[in-house]
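Here the structure is laid out as structure tokens; the discussion comes afterwards.
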Amino acid sequence: MTGVPSYEVRAVEGIPEVRPGDDLAKLITTAAPGLRDGDVLLVTSKIVSKAEGRIVRADSREAAIDAETVRVVARRGALRIVENRQGLVMAAAGVDASNTAPGTVLLLPQDPDASAAAIRAGVRDALGVDVGVVVTDTFGRPWRNGLTDVAIGSAGVRVLEDLRGAGDTHGNPLNATVVATADELAAAGDLVKGKAAGLPVAVVRGLAHVMGEGSAARDLVRSPADDMFRLGTSEAVREAVTQRRTVRAFTAEPVDPGAVRRAVAAAVTAPAPHHTTPWRFVLLESEASRVRLLDAMRDAWIADLRSDGKSEESIAKRVRRGDVLRAAPYLVVPCLVTDGAHHYGHARRDAAEREMFVVAMGAGVQNLLVALAGERLGSAWVSSTMFCRDVVREVLELPDDWDPMGTVAVGHPAAAPPRRPGRAAEDFVEVR
């Protein structure tokens, strides 16, 4: 029917076995001399890799994957989802051991966008036509079973179509619709190329409107700041633990109380003795409550230091250590409650009983700090409330059996913390 949008996609027959140094544009134009302006070529990355000599000897595919991996995203058994040198997140770093000689593997093109641009220029020189080129590879997808081809390189194609600000058929504004055009083209080509048919190139005709300059397949890769699913589950836990740092300088940006409550929910999953719940968390969300507490603690601390005979200069220096708490837009006071503790009437046993609860409190605080790091919040645990518990209980109107166990300053880090010196786990381990 006239006016109805349509397109044609067909595989290109006659592409021979590709070898290092082959001119892909020449091979393609020889097999498809009828290419027209506005056509889009969909080229399987495997033949691009072969032409570019990305065939390497490898004693094992795993070693090659290690060499191409920048960051492990998730691991389950032998399967690894990683970020590779091209910035792509995919299984096995794109290292392929199929359709290549034994003892060798294929690596992805070093720069797939440049590869696409070279093919496009070669087609223009050979036939005088302007085509788009998409270099494709096969990916699995989060939350979805099955594989499909996606774009890893592109030239002459608008890889994304941003529809935000437009309206739908009912006049509703589209607020989040950005279409991955290059990926849609890649998937369409996969329908006719197949995985084992020996047809590595396809042509899409009738979609000249997707042509355009100024974008590349790298634009399809979500930036780390916008990636909400940057890690697998166990990797995310390890990342949060290792990235948890003591942060002492914060921006003025408010802290989301919901984020802190989610961190508290993680904190109270810590282990505790006798099936107890010894954690309580006092959240100081108002500036007035924070100032009231910190002023009272400062006055108590100064009085203690003067009674110890400390000089005014020494007192001022020590008091300044509490500035990290005043700089934070949010404070959490973790408190220990020993309900359920056993009383033996024996000093050593009773002391050990309390230590069990203190360890449980520490586990809860560590869970809190790690969960805050997972929320992209900085924190610093400061022990000062432990030195004036009566004052803290009075100011915050806490029960007598709540023991403040320091204060956690929370906020958005003002700067990235310095790199932590490396620590070898073996230095902290004794095996018996």
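The values are calculated or read from the model by the stated rules, or taken from the named source; none is laboratory data. All values derive from a computational prediction rather than experimental measurement. Note: ideal-geometry Cβ built from the backbone for every residue, glycine included; neighbour counts use all protein chains shown. Surface areas here come from the heavy atoms of the whole protein model, side chains and all, with no ligands, DNA or RNA. Shrake-Rupley method; radii C 1.70, N 1.55, O 1.52, S 1.80 Å.
Just one of the listed residues (Ala67, Ala63, Ala116, Ala151) is of a type outside the set (Lys, Arg), part of a helix (DSSP H, G or I), closer than 24 Å to Val40 by Cβ and open to solvent by less than 60 Å² (accessible area, probe 1.4 Å), and it is Ala116.
Criterion applied to Ala288, Ala272, Ala249 was being over 23 Å from Glu184 (Cβ atoms), free of Cβ contacts under 8 Å to residues at least 12 places away in the same chain and of a type in the set (A, V, I, L, M, F, W, C), and the one residue passing it is Ala288.
Beta carbons closer than 8 Å, at least 6 apart along the sequence or on distinct chains, pair a first residue in region 25-47 that is assigned to a loop (DSSP other than H, G, I, E, B) with a second that is among the hydroxyl-bearing types (Ser, Thr, Tyr) for Leu35/Thr29.
Look at (1) surrounded by fewer than 16 Cβ atoms within 10 Å (Cβ to Cβ); (2) of a type outside the set (Asp, Glu); (3) within 24 Å of the chain's Cα centre (by Cα) and you find that Leu191 fails only one, number (3). It is to be established whether one or more residues within region 273-284 are open to solvent by 30 Å² or more (accessible area, probe 1.4 Å) and either under 30 Å from Gly38 (Cβ atoms) or among the small types (Gly, Ala, Ser) (or both). Checked against the condition, which is being open to solvent by 30 Å² or more (accessible area, probe 1.4 Å) and either under 30 Å from Gly38 (Cβ atoms) or among the small types (Gly, Ala, Ser) (or both), region 273-284 yields no hits at all. Would you check if there is a residue in region 77-98 being without any contact (Cβ under 8 Å) to a residue 40 or more places away in the chain, closer than 21 Å to Val178 by Cβ and assigned to a loop (DSSP other than H, G, I, E, B)? Among the residues of region 77-98, not one is without any contact (Cβ under 8 Å) to a residue 40 or more places away in the chain, closer than 21 Å to Val178 by Cβ and assigned to a loop (DSSP other than H, G, I, E, B), which makes the answer no. Within region 380-432, the set of residues being surrounded by 14 or more Cβ atoms within 10 Å (Cβ to Cβ) and of a type in the set (Ser, Thr, Tyr) comprises Ser384, Thr385, Thr407. Checked against (1) at pLDDT 90 or above; (2) over 30 Å from Arg76 (Cβ atoms); (3) among the hydroxyl-bearing types (Ser, Thr, Tyr), Thr269 passes all but a single condition, namely (2). Of all the residues in region 361-371, those that are buried (at least 18 other Cβ atoms within 10 Å of the Cβ), closer than 23 Å to Ala236 by Cα and either aromatic (Phe, Trp, Tyr) or out of contact with any Gly (no Cβ under 8 Å at 6 or more places or on another chain) (or both) number 6. Name the one entry in Val237, Val210 that is of a type in the set (A, V, I, L, M, F, W, C) and either in contact with a strand residue (DSSP E or B) (Cβ under 9 Å, 6 or more places away or on another chain) or closer than 27 Å to Gly14 by Cα (or both). Answer to the check: Val210.
Would you call Val72 open to solvent by less than 20 Å² (accessible area, probe 1.4 Å), in contact with a strand residue (DSSP E or B) (Cβ under 7 Å, 6 or more places away or on another chain), in contact (Cβ under 8 Å) with a residue 12 or more places away in the chain and of a type outside the set (Asp, Glu)?
Here the answer is no, as Val72 does not meet what is asked.
The set of residues in region 213-238 being assigned to a loop (DSSP other than H, G, I, E, B), buried (at least 16 other Cβ atoms within 10 Å of the Cβ) and out of contact with any Ser or Thr (no Cβ under 9 Å at 6 or more places or on another chain) consists of Arg230, Leu231, Gly232.
The set of residues in region 119-148 being farther than 12 Å from Val40 by Cβ and in a strand (DSSP E or B) consists of Asp137, Thr138, Phe139, Gly140, Arg141, Arg144, Asn145, Gly146, Leu147, Thr148. Within region 125-140, if we keep just the residues that are farther than 15 Å from Lys195 by Cα and touching a Leu at 6+ places or on another chain (Cβ under 8 Å), the residue that is most open to solvent (accessible area, probe 1.4 Å) turns out to be Leu127.
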